[in-house]
Amino acid sequence: MPADSTWLSTFPGMQSIMSHGKNFLGNILRTGPVPRHIAFVMDGNRRYATQRKLEVGEGHNAGFESLSHILELCYEVGVECVTVYAFSIENFKRPPGEVKSLMNIAKNRLTQLCNQGDLAEQYGIKICVLGDLSLLPDDVRQVANKTIETTKNNKRAVLNICFPYTSRDDITRSIRRIVSLAAKHKIDDISTDINESLIEANMYTKDSPPLDILIRTSNVTRLSDFMLWQCHKDTSIYFVDCLWPNFGVHRMFWILLKWGLNNINKNRYGPATNISSVKQFLPPSYDLTNEDKEKADN
């Protein structure tokens with residue numbers, strides 16, 4: 001049997017149903033505050049394939065289908081920036097055959113993302129490939145650079161693809177750049193001018209908004225060297241008990257809704273939303289937590 005997402009996508013009328021469904025959910029979420037920046041650790045593609053006795057590549061294909069639907073919902077509701085952990089530098093330690101397969105998948109998916117009529121064009125997405133591109137095979141690096149070049153003038157939203165990436169490399173690279181600036185006497189006073197802001201200004205995500213939400217699937221409760229610097233006191237972190245290909249639009253919807261309710265009165269998102277305008281869309285079984293009620297009533 002084919003992967004679940006593949007079967008659903010071929011069901012008669014399913015594409016139209018999913019499109020209308022995402023529009024409906026988007027209308028609900030737009031009644032409240034919307035996060036500017038969301039990051040994903042897309043964990044579980046290999047286990048998904050193993051559980052279904054599929055090739056590992058099929059698991060990654062199913063994961064890409066899931067990502068496409070999630071991106072559509074995020075950009076539909078007005079999220080400015082999405083960052084995905086596509087490939088860790090540590091993943092180069094995997095068996096050569098698996099690494100080669102992942103590189104081929106990445107090359108094909110990068111090409112697909114910016115094809116005419118696909119996600120990048122539909123939502124005006126600027127695609128940034130963040131990480132040490134010098135570690136990539138020549139053909140993959142060429143595709144990555146072409147993707148960056150093709151979408152560089154898109155202004156509506158951003159998709160950061162961390163590939164290959166680790167936070168340690170990100171921070172180390174930033175420090176090296178600062179040391180280079182200091183050596184060239186481009187920093188006036190190293191005792192005061194080298195600070196958090198300068199480090200952030202030299203990181204891969206320097207042009208991205210502050211991170212609002214980080215989601216990791218497979219119920220694994222660690223960040224695996226991803227966005228360690230960017231996670232701050234206002235970042236909501238969700239560890240979700242499902243494999244990435246099974247992380248559907250419905251789960252993303254509830255996370256966005258809860259985040260919106262919890263942030264309803266934060267000044268940086270503008271005037272508070274009337275809680276009744278959100279509750280009218282909730283199912284009868286959904287109840288606000290005490291924390292949500294307190295924040296909504298303040």
Just a yes or no: is a residue in segment 96-114 of a type in the set (A, V, I, L, M), modelled with pLDDT under 95 and under 24 Å from residue 255 (Cβ atoms)? yes
Can you confirm whether residue 297 is of a type in the set (Asp, Glu) and at pLDDT below 50? yes
Quick check, is residue 139 charged (D, E, K, R) and either closer than 21 Å to residue 67 by Cα or surrounded by 13 or more Cβ atoms within 10 Å (Cβ to Cβ) (or both)? no
Residue that is surrounded by the most Cβ atoms within 10 Å (Cβ to Cβ), among those in segment 48-58 that are under 25 Å from residue 160 (Cβ atoms) and at pLDDT below 95: 56
Only listed residue being in a helix (DSSP H, G or I), closer than 23 Å to residue 170 by Cα and either touching a residue at least 40 places away in the same chain (Cβ under 8 Å) or of a type in the set (Lys, Arg) (or both), chosen from 110, 73: 110
Quick one: would you say residue 68 is part of a helix (DSSP H, G or I), within 14 Å of the chain's Cα centre (by Cα) and surrounded by fewer than 19 Cβ atoms within 10 Å (Cβ to Cβ)? yes
Report yes if some residue within segment 136-150 is basic (Lys, Arg) and touching a Ser or Thr at 6+ places or on another chain (Cβ under 9 Å); otherwise report no. yes
Scanning segment 113-136 residue by residue, those assigned to a helix (DSSP H, G or I), among the hydrophobic types (A, V, I, L, M, F, W, C) and under 23 Å from residue 225 (Cα atoms) turn out to be 133, 135
Might you let me know whether segment 1-19 holds any residue that is under 23 Å from residue 124 (Cα atoms), modelled with pLDDT under 70 and among the small types (Gly, Ala, Ser)? yes
Taking only pairs six or more apart or across chains, which ones have beta-carbon atoms under 6 Å, a first residue in segment 199-224 that is assigned by TED's automatic domain parsing to the domain that holds residue 248 and touching a residue at least 12 places away in the same chain (Cβ under 8 Å), and a second residue that is assigned to a loop (DSSP other than H, G, I, E, B) and among the aliphatic types (A, V, I, L, M)? 217/240; 218/243
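The values are calculated or read from the model by the stated rules, or taken from the named source; none is laboratory data. As the structure is a computational prediction, the values presented were derived from the model and not from experiment. For neighbour counting, all protein chains shown are included, and Cβ atoms are generated from backbone atoms with ideal geometry for every residue, glycine included.
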